[in-house]
Amino acid sequence: MAEPVRSIVVLVAILVGVLVTAAGLIWLERRLLGLWQDRYGPNRAGRFGSLQVAADMIKIFTKEDWVPPFADKPVFVIAPAIIVVTTLLSFAIIPFAPHIEIVDLNIGLLFFLAMSSLSVYSVALAGWASDNKYSLLGGLRAAAQMLGYEVFMGLSLAGVVMLAGSFNLREIVEAQTKTWFVIPQFLGFVIFVVAGLAETRRIPFDLPEAENELVAGYHSEYSGMKFGMFFVGEYIGVTLISALIATLFFGGWLGPLLPPPLWMIIKTFVFICGFILVRAALPRLRYDQLLEFGWKLMLPLSLINIMVSGAIILVAS
Amino acid sequence: MDQKTDILQQLRLRFGDQILATQITHDDVTTLWVQKENAHAVLRYLKEEISDPFRMLYDVTAIDERLRSHRQDQPDGDFTIVYHLLSLDRNSDVRVKTSLTGDRPNISSVVDIWQSANWYEREIWDMFGIQFEGHPHLKRILMPPSWEGHPLRKEHPARATEMGPFQLPEEKAESLEKDLQFHPEEWGMKLGEEDTDYMFLNLGPQHPGTHGLLRIILALDGEEIADAAMDIGYHHRGAEKMAERQSWHTFIPYTDRIDYLGGVMNNFAYVQALESLAGIKVPEKAQMIRVMMAEFFRISSHLVWYGTFAQDLGAMSPVFYMFNDRERVFDIVSAITGGRMHPAWFRLGGVSQDLPRGWDRPVRDFIEYFPARLAEYDKLVMQNRIFKARTKGIGAYTLDEAIDWGVTGPGLRACGLDWDFRKKRPYSGYDQLEFDVPIASNGDCYDRAVVRVEELRQSLRIIGQCLKNMPEGSYKSDHPLTTPPRKENTMKDIETLITHFLSVSWGPVIPPGESFFRIEATKGANSYYLISDGNTVAYRVRIRTPSFAHLQMIPNIAKGLTIADLIAILGSVDYVLADVDR
């Protein structure tokens, strides 16, 4: 196959795969939550409710797409697109198998961190553009929250980078042929999972949305597909973080017997289910508690992690 | 009795013949009359100077006396204001009444003695049109600002059919909407500090965190609450007015819906007040059935609180588990009563029917099933570190504040006071049951939760004893005023047949008098103050609910905290808006 054709096939496959996964998560999350909460979840449309996604899509596409007259219209329209675009772009650097990836970027990990920083604009701008006090508070919380977790998120990955000697995700996976990085970098793994939860703004860090406090937070004024974009954006985010955890700490596509892409998919789904389980199990932090938690506990921990990892690498070499 | 004469003597000594009269009622509350001018001084004396003072303003209400015929032993007047004080040190109550004359009378406010009088006086203004001089914010509280008339006055119609068809033309809708606009100055709220302007956030009446129709207006500095004002009345249905047109018997189902999570717990206070008025003694079996059902509803109500409180803090799952368990309680309730949330099961003189055959099995199953679940919930909610971080030290008030604001129930016990009306004033055989009164010490959101969770276990213990010791006998008294009267008596002679016919068609005629009964309801002290004028309907029914008092103090404890904390406080206080507005 000619190289450009192959790239396009891979690109389309990953794009479709990610979008289908994100849509499927709507169903998966509701079914899993139902299972854990002693209830059914969606089980009417299709077998086991599998057509629920289709029903949701039809509903969300045909709903009135309303822009409040008091909103800042251009920003209001662009905001939901930002989150989808930035999270989708992040997928470009994730290797699903030795040669199945969109770009083999030398600064892959930095690219992901940059995109994740950008995605918070979506929420902050949505909150601002809605001209609604609840949305505004949601947007403010998102911005503050970003300051809380973004720092230790980057630092938590420094250990992985040091061990692999590269920012390139493919090389990071290849460096895990002997041992997965979750073993030498367990602390880094834990910190990254926490940061990932905050990044996707899910319980216990769903402060910008915080239904019980802010009604629907930053997307209170959104309806139809614009709301759907936030929704899908969240699920793409969950998939992204799960894929990254698998890649950075659990050897990505590496594994016996099964073909590499399947390993990658299995690992990703395990973490996705983990994310859903966390949502079923935990209450929400208050926003100053999140900041305190980030700056006073997670940041020092990730710094210690870097120092200890660095020292060990130095001694070993 | 000693205490009663003691209070009277002390008051007579201090105020001489400013104390006009004492009144005999069907309850054991000392009732005395003072002149309007002296009321304020007497109340201050009772709160601040007398030994073992009456520190809690339990209730303030009014009576429109203009159409009442049986009040020969009382001073003349068109309206009566009733102050009901409670002393926790003495474990006794006193009722101070003062009569007002004229169509639009006025009296000086007691807000300077008890802050908690604020809402009570506003309610009286709203309902009776009585002015309180010196009140900081005498505005309508339950009715909309544009309402014409004062509903509990006797000339105000009780039925929509007496009022002409309702219309809502555009201008009226607009003006109604305009009435609801919030002007911080009117509420005595500042617009900002020196270098900050507050953001005013309208939380409710439709909001996922308010558990019903409640409007809180927050003055925010960032996310910090600088000031808060509460606007209630969105759930007002005029239960007290309805009581004046329903027969004594047909009002029972209305009480179920006062605290709509409490079910028969509401019946409990009402029928006991009525029974003391009618002089009915309830058979032992009926008493125990009542206790058992009331405790089932305590469990059901606390389960709703437990789940929704966790939900308020963002925990998604507990509410489903707890509603499932509540469904098990409802299965038992419906097996016994046929109803679920509002079975209206208690009757004047007993309960509606005997326990069905085999009632004990589901009850026993539940007693075996539930403790393990509670242990699981402890792990899931109470021991969760985020839950603790969100609730410990948040929304705390001291015991003194609690008493001052009229807090009762779990909210009072969370401050460390071992006060439960089931123990302190046992009724319906509670004195023969073994149970503990759980307390906690800090009075914060977490401690209120600790108390309620332990109460679930204690309620289960009480139900277990009811199961073991359910007495034989009748489920309803033989007294002629019981409702519905017993059918067996009808066929004996014409006299009993006529009595039966009248009691069923018109309802029983309750002898004139006044009676008050208070129970430890799910959320605190709930009481019914009934006034009969010797008729088939009540002359006046006053429903004192715990939620009203508890809600009033929330702005005070929320200041300086964040929105997220406010939601935690709302959840921990466990109010029901229907219980607030009635």
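The values are calculated or read from the model by the stated rules, or taken from the named source; none is laboratory data. These figures come from a predicted structure and were not determined experimentally. All Cβ positions, even for glycine, are placed from backbone atoms using ideal geometry, and neighbour counts span all protein chains on display. The accessibility values were calculated without ligands, DNA or RNA, using every heavy atom of the protein model including side chains. Shrake-Rupley method; radii C 1.70, N 1.55, O 1.52, S 1.80 Å.
Taking the numbered list (1) surrounded by 18 or more Cβ atoms within 10 Å (Cβ to Cβ); (2) over 30 Å from B:D112 (Cα atoms); (3) at pLDDT below 90 in turn, B:F370 passes all entries but (3).
Just to check your reading of the model, which residue among B:Q131, B:Q206 is within 29 Å of the chain's Cα centre (by Cα) and within 14 Å of another protein chain (Cβ to nearest Cβ)? Exactly one of B:Q131, B:Q206 is within 29 Å of the chain's Cα centre (by Cα) and within 14 Å of another protein chain (Cβ to nearest Cβ), namely B:Q206.
Scanning segment A:262-312 for residues that are surrounded by 16 or more Cβ atoms within 10 Å (Cβ to Cβ), more than 14 Å from every other protein chain (Cβ to nearest Cβ) and among the β-branched types (V, I, T) gives A:I265, A:T268, A:I272, A:I306.
Residue-by-condition table, conditions (1) away from every other protein chain (no Cβ under 14 Å); (2) surrounded by 18 or more Cβ atoms within 10 Å (Cβ to Cβ); (3) modelled with pLDDT of 85 or more:
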{"residue": "B:E495", "(1), (2), (3)": "yes, no, no"}
{"residue": "B:F501", "(1), (2), (3)": "yes, no, no"}
{"residue": "B:G513", "(1), (2), (3)": "yes, yes, yes"}
{"residue": "B:R518", "(1), (2), (3)": "yes, yes, yes"}
{"residue": "B:A521", "(1), (2), (3)": "yes, yes, yes"}
{"residue": "B:I531", "(1), (2), (3)": "yes, yes, yes"}
{"residue": "B:A558", "(1), (2), (3)": "no, yes, yes"}
{"residue": "B:L566", "(1), (2), (3)": "no, yes, yes"}
{"residue": "B:S572", "(1), (2), (3)": "no, yes, yes"}
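Answer yes if at least one residue in segment B:339-356 is part of a helix (DSSP H, G or I) and within 25 Å of B:G409 (Cβ to Cβ), and no otherwise. Scanning segment B:339-356 turns up no residue that is part of a helix (DSSP H, G or I) and within 25 Å of B:G409 (Cβ to Cβ).
Residues that are farther than 17 Å from A:S242 by Cβ and of a type outside the set (A, V, I, L, M, F, W, C) within segment A:1-30 comprise A:E3, A:P4, A:R6, A:S7, A:R30, listed in sequence order. Residue check: B:K47 meets all listed conditions (1) in contact with a Pro (Cβ under 6 Å, 6 or more places away or on another chain); (2) open to solvent by less than 20 Å² (accessible area, probe 1.4 Å) but one, namely (2). Between B:I439, B:I386, the distinction of being hydrophobic (A, V, I, L, M, F, W, C), more than 14 Å from chain A (Cβ to nearest Cβ) and in contact (Cβ under 8 Å) with a residue 24 or more places away in the chain belongs to B:I439 only.
Residue pairs whose Cβ atoms lie under 7 Å apart, sitting 6 or more positions apart in sequence or on different chains, and linking a residue in segment B:473-484 that is open to solvent by 30 Å² or more (accessible area, probe 1.4 Å) to a partner that is among the acidic types (D, E) and in a loop (DSSP other than H, G, I, E, B), are B:Y475/B:D354.
Scanning segment A:68-113 for residues that are part of a loop (DSSP other than H, G, I, E, B) and free of Cβ contacts under 8 Å to residues at least 60 places away in the same chain returns A:P69, A:D72, A:H99, A:V103.
Would you call A:E213 acidic (D, E), over 19 Å from the mean Cα position of the chain (by Cα), within 14 Å of another protein chain (Cβ to nearest Cβ) and open to solvent by 40 Å² or more (accessible area, probe 1.4 Å)? Against the criterion (acidic (D, E), over 19 Å from the mean Cα position of the chain (by Cα), within 14 Å of another protein chain (Cβ to nearest Cβ) and open to solvent by 40 Å² or more (accessible area, probe 1.4 Å)), A:E213 does not qualify.
Taking the listed residues B:A315, B:A344, B:A335, the one that is in contact with a Pro (Cβ under 7 Å, 6 or more places away or on another chain), of a type in the set (A, V, I, L, M, F, W, C) and on the phi > 0 side of the Ramachandran plot is B:A344, with no other qualifying. Scanning segment A:127-165 for residues that are part of a loop (DSSP other than H, G, I, E, B) and crowded, with 18+ Cβ neighbours inside 10 Å, which turns out nearest to the other protein chains (Cβ to nearest Cβ)? That would be A:N132. For segment B:144-186, taking the residues that are in contact with a Phe, Trp or Tyr (Cβ under 9 Å, 6 or more places away or on another chain) and outside any loop (DSSP other than H, G, I, E, B), the one that is most open to solvent (accessible area, probe 1.4 Å) is identified as B:A160. Residues considered: B:R357, B:R326, B:R364. Of these, the only one that is within 14 Å of chain A (Cβ to nearest Cβ) and not acidic (D, E) is B:R326.
The residues of segment A:1-42 that are modelled with pLDDT of 85 or more, polar (S, T, N, Q) and over 23 Å from the mean Cα position of the chain (by Cα) amount to a single one, A:Q37.
The set of residues in segment A:216-230 that are within 12 Å of another protein chain (Cβ to nearest Cβ) and surrounded by fewer than 21 Cβ atoms within 10 Å (Cβ to Cβ) contains only A:A216.
Cβ-Cβ distances below 7 Å connect the following pairs, each with a first residue in segment B:299-317 that is over 11 Å from B:S572 (Cα atoms) and more than 7 Å from chain A (Cβ to nearest Cβ), a second residue that is open to solvent by 10 Å² or more (accessible area, probe 1.4 Å) and of a type outside the set (A, V, I, L, M, F, W, C), and a separation of six or more residues or different chains: B:S300/B:R326; B:L303/B:R326; B:V304/B:R326. For A:I313, the conditions (1) touching a Ser or Thr at 6+ places or on another chain (Cβ under 7 Å); (2) in a helix (DSSP H, G or I) are fulfilled apart from (1). Could you list, in sequence order, all residues of segment A:243-289 that are aromatic (F, W, Y) and either under 21 Å from A:F205 (Cβ atoms) or under 16 Å from the mean Cα position of the chain (by Cα) (or both)? Passing the criteria: A:F249, A:F269, A:F271, A:F275, A:Y287. Would it be correct to say that A:F96 is under 16 Å from the mean Cα position of the chain (by Cα) and under 19 Å from A:F249 (Cβ atoms)? No.
Go through segment B:34-43 residue by residue and tally those that are open to solvent by 40 Å² or more (accessible area, probe 1.4 Å) and within 17 Å of B:Q9 (Cα to Cα). Selection size over segment B:34-43: 1.
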